[in-house]
């Protein structure tokens, strides 16, 4: 197989808090190949967004601390890049769509102003960065996300648009200049179900059309099943299971994945879904061994003492002693 | 458009504010003890002269009648005579107001420029030494009153190190320009008299700075905290992620939303400079309306007091409307009436 576009190796991210370091990411490994659609699934607070924000180095400055790990973009470590190289990655390589479109757009500038700047500073040639060309690109991107009347939209402020439109604009901004990898951080979560579905379809269509790679962060296994080729299941800063999407649903192995699957309410009824007992651990004092053991129905003594590593079972990887 | 009707409503409302203010100041000026006619004429004036003046000023009538006479005059542009200068109050105001306006305007420019500069620098270098230096300057600047600074400036620049003039509006022997607006800098520019313009500007520097330092740092702190707050917002992270250069993010995408809370306070502070200018005007020997108003109060010069207060009120109201317009310009959510 070719070299991955992005490869995260043993990434640790800590946050400074008054109580000490909050050790959120505990050695995350992840890679994406060209044109591949990858899902990153886990419940809220398990470090999905932290992982992806560290890729673009947009974690809160001064609070986040990365003691260990590498984020390789075509083999170059983003964490060690000089500003100029990093800028190259941000403008040409990777772009990100945020969970809350209302928060990701600046409320006091028009959509046009914000989009034009994204295009203007994306490292275009002098010829390409002429005003009319920038506008042409913006209008084209808005058309690509199926918003009618792009000229009018450019003069709108974000609060004049609906939630779905705002998210489409965010998508348009992320794809307005060519990029290799798109990171979508729960792009549908703050939208209602029908709009959510439209946004997901739109994303899939665009990624396939442009041959981009996609990392889709979601807490919904259903969304991941629909949109991705391969799924990383994440729990409390660790990747606990990796498999092709079809394999994962056919044969889920990790107790956490099983728990997630049983949390999905069935339309056929049968009462409230079973779910997983307990909560995400306190990252200031994370449990030793496997971070899932306090909530795991199958935990044994070894789970408390030793951290399970991902073991490969024929393309399906899982981090659990019991499997 | 919404903005026009909003503006109209604000203007109508401000008329009520001014009428209310006029009633309050009218009553306060008259209920404090002391006979204005006696004070105007001096302790040795004969009683019949005092009585005549009282009658002329309608001071022998009930308060309501007095107010009626006074407000009728005000409505027709007649603010009455000053008991101290013996001139029309309007003339006095025309003479003294421009000096204060000029002072306050230069102060306002200082406040706007330096508060944004210091606020943005402190936010940019948050928790670094730049931030600490600005913070110490800010605590000092807010704590030391403008008149103390004024005395210090006069002492330093008027006596120890005379590099810049510290007294009056123009140097001795400088011929003031033909009065068009009464603002020396503008008049001299209009008549093309650049040496006088330069001289007037130099004279403005110290008093304007003494007035401005408090508000500069108060606003700088507000801007700093708004900017550091907004730095954690997703739209900033998104802009960084799109590869927009840092100076564009700081100076554009972060600064504009962060100015909104500062502008309201800034407007009030700048309007307050009019009144706060009193001691600074006294110390710098600045012939302004603040000093005139204070002297009028000490001598119970009824018409002058009321007129000065009304002028201050009018300026406050106008500045507030201006501030609202600026905020509406900065924040489309207000301008376009969206959900906040």
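The values are calculated or read from the model by the stated rules, or taken from the named source; none is laboratory data. A quick note: this is a predicted structure, and the numbers were derived from the prediction, not measured. Backbone-built Cβ (ideal geometry, glycine too); neighbour counts: all protein chains shown.
Please enumerate the residues belonging to region B:232-256 that are touching a residue at least 60 places away in the same chain (Cβ under 8 Å) and facing chain A (nearest Cβ under 7 Å).
B:256
May I ask you to verify whether residue B:321 is within 14 Å of another protein chain (Cβ to nearest Cβ), within 18 Å of the chain's Cα centre (by Cα) and farther than 22 Å from residue B:92 by Cβ?
Judged against the criteria, residue B:321 is not a match.
What pairs come up if the first residue lies in region B:116-137 and is within 14 Å of another protein chain (Cβ to nearest Cβ), the second is surrounded by fewer than 20 Cβ atoms within 10 Å (Cβ to Cβ) and assigned to a loop (DSSP other than H, G, I, E, B), and their beta carbons are under 8 Å apart, counting only those six or more places apart or on different chains?
Between residues of region B:116-137 that are within 14 Å of another protein chain (Cβ to nearest Cβ) and residues that are surrounded by fewer than 20 Cβ atoms within 10 Å (Cβ to Cβ) and assigned to a loop (DSSP other than H, G, I, E, B), the close pairs are B:126/A:62; B:127/A:62; B:131/B:125.
For region B:33-86, which residues satisfy the criterion of being assigned to a loop (DSSP other than H, G, I, E, B) and more than 23 Å from residue B:293 (Cβ to Cβ)?
Passing the criteria: B:43, B:44, B:45, B:46, B:60, B:61, B:62.
Would you call residue B:191 surrounded by 13 or more Cβ atoms within 10 Å (Cβ to Cβ) and more than 18 Å from residue B:104 (Cβ to Cβ)?
Yes; evaluated as a whole, the condition is true for this residue.
Count, please, the residues in region B:15-45 that happen to be over 21 Å from the mean Cα position of the chain (by Cα), modelled with pLDDT of 85 or more and surrounded by 17 or more Cβ atoms within 10 Å (Cβ to Cβ).
Counting residues in region B:15-45 that are over 21 Å from the mean Cα position of the chain (by Cα), modelled with pLDDT of 85 or more and surrounded by 17 or more Cβ atoms within 10 Å (Cβ to Cβ) gives 1.
Test residue B:269 against the criterion of being part of a helix (DSSP H, G or I), more than 14 Å from chain A (Cβ to nearest Cβ), buried (at least 20 other Cβ atoms within 10 Å of the Cβ) and without any contact (Cβ under 8 Å) to a residue 40 or more places away in the chain, and give yes or no.
Against the criterion (part of a helix (DSSP H, G or I), more than 14 Å from chain A (Cβ to nearest Cβ), buried (at least 20 other Cβ atoms within 10 Å of the Cβ) and without any contact (Cβ under 8 Å) to a residue 40 or more places away in the chain), residue B:269 does not qualify.
Could you check, for region A:117-128, whether at least one of its residues is modelled with pLDDT under 95, within 12 Å of chain B (Cβ to nearest Cβ), within 21 Å of residue B:232 (Cα to Cα) and assigned to a helix (DSSP H, G or I)?
Checked against the condition, which is being modelled with pLDDT under 95, within 12 Å of chain B (Cβ to nearest Cβ), within 21 Å of residue B:232 (Cα to Cα) and assigned to a helix (DSSP H, G or I), region A:117-128 yields at least one hit.
Are any residues in region A:59-79 farther than 30 Å from residue A:276 by Cβ and either in contact (Cβ under 8 Å) with a residue 40 or more places away in the chain or not in a helix (DSSP H, G or I) (or both), and if so, which ones?
Passing the criteria: A:61, A:62, A:70, A:72, A:73, A:74, A:75, A:76, A:77.
Picking from B:40, B:45, B:52, which residue would you name as being in contact with a helix residue (DSSP H, G or I) (Cβ under 8 Å, 6 or more places away or on another chain) and free of Cβ contacts under 8 Å to residues at least 24 places away in the same chain?
After ruling out the rest, the residue left standing is B:45.
Please determine whether any residue of region A:96-115 is touching a residue at least 40 places away in the same chain (Cβ under 8 Å), farther than 30 Å from residue A:196 by Cβ and not in a loop (DSSP other than H, G, I, E, B).
No, region A:96-115 contains no residue that is touching a residue at least 40 places away in the same chain (Cβ under 8 Å), farther than 30 Å from residue A:196 by Cβ and not in a loop (DSSP other than H, G, I, E, B).
Looking at this structure, is residue B:207 crowded, with 20+ Cβ neighbours inside 10 Å, within 14 Å of another protein chain (Cβ to nearest Cβ) and touching a helix residue (DSSP H, G or I) at 6+ places or on another chain (Cβ under 9 Å)?
When the stated conditions are applied, residue B:207 does not pass them.
For every residue, the table says whether it meets (1) more than 24 Å from residue B:233 (Cβ to Cβ); (2) more than 14 Å from chain B (Cβ to nearest Cβ); (3) at pLDDT 90 or above.
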{"site": "A:115", "(1), (2), (3)": "no, no, yes"}
{"site": "A:134", "(1), (2), (3)": "yes, no, yes"}
{"site": "A:142", "(1), (2), (3)": "no, yes, yes"}
{"site": "A:158", "(1), (2), (3)": "no, no, yes"}
{"site": "A:166", "(1), (2), (3)": "no, no, yes"}
{"site": "A:183", "(1), (2), (3)": "no, no, yes"}
{"site": "A:194", "(1), (2), (3)": "yes, yes, no"}
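If I go through region A:59-90 residue by residue, how many of them are more than 30 Å from residue A:284 (Cβ to Cβ), within 12 Å of chain B (Cβ to nearest Cβ) and out of contact with any helix residue (DSSP H, G or I) (no Cβ under 9 Å at 6 or more places or on another chain)?
Within region A:59-90, residues that are more than 30 Å from residue A:284 (Cβ to Cβ), within 12 Å of chain B (Cβ to nearest Cβ) and out of contact with any helix residue (DSSP H, G or I) (no Cβ under 9 Å at 6 or more places or on another chain) number 3.
Please verify whether residue B:312 is more than 23 Å from residue B:330 (Cα to Cα), assigned to a helix (DSSP H, G or I) and out of contact with any strand residue (DSSP E or B) (no Cβ under 7 Å at 6 or more places or on another chain), treating the condition exactly as stated.
For residue B:312, the condition - more than 23 Å from residue B:330 (Cα to Cα), assigned to a helix (DSSP H, G or I) and out of contact with any strand residue (DSSP E or B) (no Cβ under 7 Å at 6 or more places or on another chain) - is met.
Only residues that are assigned to a loop (DSSP other than H, G, I, E, B) and within 14 Å of chain B (Cβ to nearest Cβ): list them for region A:4-58, please.
Across region A:4-58, the qualifying residues are A:56, A:57, A:58.
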